[in-house]
Amino acid sequence: MYPAKFIVDKHTLKGAFYKIHNDYLGDIPLEWPTFYNGYYVWNVDPGDLIDQLDAQLKNNTSLKEKARKRLQEIRNDIRESDNNYIFYAELKK
């Protein structure tokens with residue numbers, strides 16, 4: 001199965017499939033990322049974020065101890081009744 005996301009360089013017209021992972025949150029795959037002026041924005045429901053963090057903590061055996069601890073701390077602070085979380089970060093160049 002081919003990736004569903006494709007990016008094209010407007011100058012060269014060359015393209016490629018791509019897949020984005022959030023390395024700060026234990027390599028969580030990003031399904032609907034938004035980019036604006038060199039920044040990444042992600043609006044996520046707290047219940048969905050809890051599910052994704054739980055899955056990473058359970059299934060990602062390559063997480064370093066420091067990253068696992070950070071994910072667990074973030075997970076413990078989230079409540080399903082919270083408002084949506086907005087992640088806003090400058091892209092690496």
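Mean projected area of the Cα convex hull of the chain, taken over all directions, amounts to 7.7 nm².
In the chain, taking the dipole from charged Cβ atoms about the Cα centre, the farthest positive-side position among Ile7, Val41, Leu25 is held by Ile7.
Remark: relative contact order (the chain) = 29 percent; criterion is Cα-Cα distance under 8 angstrom and separation of 6 or more residues. Descending by average beta-carbon neighbour count within 10 Å, the peptides 78-90, 49-61 line up as 49-61, 78-90, the highest first.
Evaluated with a Cβ-only charge set (Lys, Arg +1; Asp, Glu -1), the chain carries a dipole of roughly 520 debye about its Cα centre, given to the nearest 20.
Read-outs throughout are calculated quantities, based only on the coordinates presented, and are distinct from any laboratory measurement. Just so it is clear, the structure is predicted and the values come from calculations on it, not from any experiment. Cβ coordinates were reconstructed from backbone atoms using ideal geometry, including for glycine residues, and neighbour counts include every protein chain displayed.
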